[in-house]
Amino acid sequence: MKKTISLILVAIMVAIFAVGCSAEEQSDFDTSEIINLVSREDGSGTRGAFVEIVGILEKDADGNEVDRTYEEAVIQNGTDAVLTTVAGDEYAIGYISLGSLNDTVKAVSVGGAQATAANVQDSSYAIARPFNIAYKGELSSVGADFLNFILSSEGQAIAEEEGYVQVGEPVAYEGSAEGSLVVAGSTSVTPLMEKLSEAYQKLNSGVSIEIQSTGSSAGMQSAIEGTADIGMASRELKDSELAELTGQVIAMDGIAVIVNKENPVEDLTIDQIKSIFVGQSTEWTVAE
Amino acid sequence: MKKNSLEGFMKGIFILSALMSVISIVLIMYFIFAGGLPFIFEYGLKNFLLGTQWKPSNIPASYGILPMILGSIYVTIGATAIGVPIGILTATFLAKFCNDKLYKYLKPAINLMSGIPSIVYGFFGLTVIVPIMREFFGGTGMSIATASILLGIMILPTVIGMSEASIRAVPATYYEGSIALGATHERSVMKVILPAAKSGVLSSVILGIGRAIGETMAVILVAGNQPRMPKGLFKGVRTMTTNIVMEMAYAADQHREALIATAAVLFIFILIINTVFLIVKRRGEN
């Protein structure tokens, strides 16, 4: 009896190893396969920035805008879902915020420039967007001090630590303030803003900062209406918003174009990415 | 005197509890329709229900939800085709063929199925069913078929539970009469008992349909969510529920209203399904 059980166990183990081997052998990448596009949902700040920079968004003289993202693209409503989908599908391509990139997928170079913070900073990596904050009129003293902190070397070091790209030439922070602030806007900027406010409150115990994660457009609206002291946006500010608000770029974020690790493609041009995402090129032969 | 006031007080509490669910359903209806109807009138009922383009980021934006309505219907039909036969046969087995020893394990297992959060089903679908479908049928593996299989599994506890109860509720005399006339056990169960339990089984199917059409978190992970007219069994699809969840977080202004209006349409679908359920149930009782 014992003998049969152990025999069965050995058989199962052998079977598992055999399966493991055959799976490894199958990793040959077939470039004639269909590209499986993964995109984000309408309204997402990442999608908005991506389609605009890559040129998928088509504008005409009458102010009409058409997002031409290929209609067969799988839509996932979050960075993690895009990551999981691309990590699990050999022939998939997607895009996520550079700060969220991890080693379950591979980021392709765009026009020869690798997706790194340094390349975003010197503008050689083309798909990048600003993280903006905006305020109406004059900032309160605590608001101005917080803005100083964000742009200081301490604040920008935090941004860099989180995987974003610093802006300007920061100087050391010196200052102090007391009071309270309400910051509202982009869900993409919120994680960075939380780290910044945490560090700032450590230096200035008399300050309380409330952060509301409501979305870029809603954040600008709150700043205009005065329900928030500072609004956050993960895109360029629109002209209508700039008419009412003063904007300030606090960091840059690259958008990484990601493929499966099995995919041999290393480099794509902006035009290739565009033609893939509007559905003109549907097979991986485009990258050869 | 004291006893009477306590009596009255408790009576009030009981009535309040009973009214609670009615009040919430009225409030939900009010807010969904108050939020959704103005948009529908402004955009046009026909454009909204029969429009085939859902492109909220375009200027001018288009908000046609026909792809999502069809998506919900197709996925639900698929789930019914997979879940209902399995469910009814399982219920028959549990009620009439299963020995006690096996029943002791099967029944709790099925009950457990209904307790599993739908996001867990979704991850199961994403990590198990999607790769298998991709292997066999190509493409992304996220399709109407994948969503149907997953939903078919998810509606099993609903179908099995109610069907089994209604099969057990058939008077024993039916079975005994059939056996006495010389029919075998199998024949008696399939030809006498199951038809007699028809209305209960049908109710369970309708409840299953209601569950399938309202399911969101599991479907969002395996359906692909392309907002275009459904193109085939092995192509992706977006349902009304996933459309709402997917875009609500970032939606503003008219886009947001369009999503609430989608919820209103979904609500009407659920109302229709529940009305049919009540009619079938009432007919069965008479």
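Where a number appears in this text, it was derived from the coordinates with a stated rule and is not lab data. These numbers were taken from a predicted model, which means no experiment stands behind them. Counting neighbours? That spans all protein chains shown, and the Cβs are built from the backbone with ideal geometry, glycine included.
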What number, rounded to the nearest 500 deg cm²/dmol, is the helix-based mean residue ellipticity at 222 nm of chain A, given -39500 (n - 2.57) per DSSP H run of at least four residues and division by all its residues? -11000 deg cm²/dmol
Sequence-distant residues sharing a close amide H with A:Phe131 (under 5 Å, placed H): A:Ile250, A:Ala251, A:Met252, A:Asp253
Going from the fewest other Cβ atoms within 10 Å to the most, one would list B:Phe33, A:Phe131 as B:Phe33, A:Phe131
Among B:Leu50, B:Leu102, B:Leu194: highest mean-square fluctuation, GNM of chain B, C-alpha pairs under 10 Å: B:Leu102
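For B:Ala249 and A:Glu244, FRET efficiency with R0 = 30 Å and r from the beta-carbon atoms, rounded to 0.05?
0.75
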At q = 0.08, 0.09, 0.13 Å⁻¹, what is the base-10 log of I(q)/I(0) for chain B according to the Debye formula with one equal point scatterer per Cα and no solvent? Please give it to two decimals. -0.46, -0.57, -0.99
Between B:Lys104, B:Lys11, B:Lys235, find the one with the highest GNM mean-square fluctuation for chain B; connect C-alpha pairs within less than 10 Å. B:Lys11
Relative contact order of the stretch A:140-195 (C-alpha contacts under 8 Å, at least 6 apart) in percent is 39
Nearest 10 degrees is fine. How inclined is helix B:144-154 to the longest principal axis of chain B, computing both from alpha carbons? 40
Would you mind ranking B:Leu16, B:Leu233 so that the residue whose beta carbon has the fewest other beta carbons within 10 Å leads the list? B:Leu16, B:Leu233
Calculate the translational D of the protein assembly as shown in whole µm² s⁻¹ from Stokes-Einstein, where the hydrodynamic radius comes from the Kirkwood formula applied to all Cα pairs, the temperature is 37 °C and the viscosity 0.692 mPa s. 119
Shape call for the stretch B:2-55, from the Cα gyration tensor axes a ≥ b ≥ c (a/c under 1.5 means rounded, otherwise prolate when a/b beats b/c, else oblate), comes out prolate
Top positive-direction residue, dipole computed over the stretch B:67-285 with Cβ charges, set B:Ala95, B:Ala251, B:Ser203: B:Ala95
Mind pulling the angle between the C-alpha long axis of helix A:141-151 and the longest principal axis of chain A? Nearest 10 degrees, somewhere in 0 to 90. 40
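What does the structure give for A:205-217 when I average, per residue, the other chain Cβ atoms found within 10 Å of the residue Cβ?
Mean shielding by partner chains, rounded to a whole number: 1.
Average partner chain C-beta neighbours within 10 Å, per residue of B:247-257?
For peptide B:247-257, the averaged partner shielding equals 5.
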Diffing the stretch B:54-65: the Karplus 3J(HN,Hα) column from phi (6.51, -1.76, 1.60, θ = phi - 60°), in whole Hz with x for Gly and Pro, holds 10, 9, x, 8, 6, 10, x, 7, 10, 10, x, 9
Degrees, to the nearest 10: A:79-88 long Cα axis against longest axis of chain A: 20
Restricting to Cα pairs below 8 Å that are 6+ residues apart, what does the relative contact order work out to for chain A? Please round to a whole percent. 29
Within the set of other residues whose C-beta is less than 12 Å from the C-beta of B:Ala79, count the net charge using Lys and Arg as +1 and Asp and Glu as -1. 0
Report, for chain A, the % of DSSP beta bridges that are antiparallel, rounded to 5. 60
Scoring only Lys, Arg, Asp and Glu (+1, +1, -1, -1) among other residues with Cβ under 9 Å from the Cβ of A:Glu72 yields +2
Could you size up the charge dipole of the stretch B:97-184 around its Cα centre, putting +1 on the beta carbon of Lys and Arg and -1 on that of Asp and Glu, and report it in debye to the nearest 20? 140
Average beta carbon contacts from partner chains per residue of B:221-228, 10 Å cutoff: 5
If you build a Gaussian network model of chain A, linking Cα atoms that sit under 10 Å apart, which residue out of A:Ala172, A:Ala117, A:Ala223 swings the most? A:Ala172
Mind checking which of A:Val51, A:Ala107, A:Met252 is farthest towards the positive end of chain A's charge dipole, using Cβ charges of +1 (Lys, Arg) and -1 (Asp, Glu) about the Cα centre? A:Ala107
Under unit Cβ charges (Lys, Arg +1; Asp, Glu -1), what dipole magnitude, rounded to 20 debye, does chain B have relative to its Cα centre? 440
